[in-house]
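**Q** To start, I am sharing the structure in question, which I have written as structure tokens.
The values are calculated or read from the model by the stated rules, or taken from the named source; none is laboratory data. In this text the structure is predicted, and so the values were computed from the model without any measurement. FYI the Cβ positions are ideal-geometry reconstructions off the backbone, even for glycines, and counts take in every protein chain you see.
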């Protein structure tokens, strides 16, 4: 997070592998929503970014859509730019754990996140056709 802030990042995307009890599965993306916007004031932008990335990830990976969720997580709460945290899958789920360890699957996830970022900028009115 500090690297993105120190280098004037436009957005922040944190990529994780989830864990629970071995039976949970799917992809979910978090953003911070504060009633006062006292910490990260980019609530609407963060939600839009989360929606675009989540949609692309679920489509590309074929994972269960666990949705876009509000989360009181440090990297999305204390950021100074639109920020999301995405959980690609559950590392303790045998099937998803194997997928997460696959370079090809991780490449598909990276490309989906990239496409979601482009969708976000396009929704904000930017011409991103040169980047597709």
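**Q** Could you check the range 17-31 and list, in sequence order, the residues that are touching a strand residue (DSSP E or B) at 6+ places or on another chain (Cβ under 7 Å) and in a loop (DSSP other than H, G, I, E, B)?
**A** The answer is 19, 20, 24, 25, 26.
**Q** Mind listing whichever residues of the range 46-70 are under 18 Å from residue 106 (Cβ atoms) and in contact (Cβ under 8 Å) with a residue 40 or more places away in the chain?
**A** Answer for the range 46-70, where residues must be under 18 Å from residue 106 (Cβ atoms) and in contact (Cβ under 8 Å) with a residue 40 or more places away in the chain: 53, 54, 56, 57, 59, 60, 61.
A quick yes/no check of all residues on (1) out of contact with any helix residue (DSSP H, G or I) (no Cβ under 8 Å at 6 or more places or on another chain); (2) surrounded by fewer than 17 Cβ atoms within 10 Å (Cβ to Cβ); (3) modelled with pLDDT under 95:
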site	(1), (2), (3)
11	no, no, no
53	no, no, no
63	no, no, no
66	yes, no, no
70	yes, yes, yes
75	yes, no, yes
78	yes, yes, yes
103	yes, yes, no
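**Q** Looking only at residues in the range 36-49 that are touching a helix residue (DSSP H, G or I) at 6+ places or on another chain (Cβ under 7 Å) and surrounded by 18 or more Cβ atoms within 10 Å (Cβ to Cβ), which one is modelled with the lowest pLDDT?
**A** Only one residue fits best here, namely 40.
**Q** Pairs needed: first member in the range 29-41, over 13 Å from residue 12 (Cβ atoms); second member anywhere, assigned to a loop (DSSP other than H, G, I, E, B) and at pLDDT below 85; C-beta distance under 8 Å; at least 6 residues apart or different chains.
**A** 34/40
**Q** Residue 99 passes all but one of (1) in a helix (DSSP H, G or I); (2) farther than 26 Å from residue 131 by Cβ; (3) under 11 Å from the mean Cα position of the chain (by Cα); which number fails?
**A** Unmet condition: (3).
**Q** Now for a different question. Sort out which residues of the range 26-35 are in contact with a helix residue (DSSP H, G or I) (Cβ under 6 Å, 6 or more places away or on another chain) and surrounded by fewer than 17 Cβ atoms within 10 Å (Cβ to Cβ), and write them in order of number.
**A** none
**Q** Among the residues of the range 41-51, is any more than 20 Å from residue 18 (Cα to Cα) and in a loop (DSSP other than H, G, I, E, B)?
**A** Yes, that holds for at least one residue.
**Q** Is it true that some residue in the range 110-121 is under 30 Å from residue 34 (Cα atoms), touching a residue at least 60 places away in the same chain (Cβ under 8 Å) and not in a helix (DSSP H, G or I)?
**A** Scanning the range 110-121, I find no residue that is under 30 Å from residue 34 (Cα atoms), touching a residue at least 60 places away in the same chain (Cβ under 8 Å) and not in a helix (DSSP H, G or I), so the answer is no.
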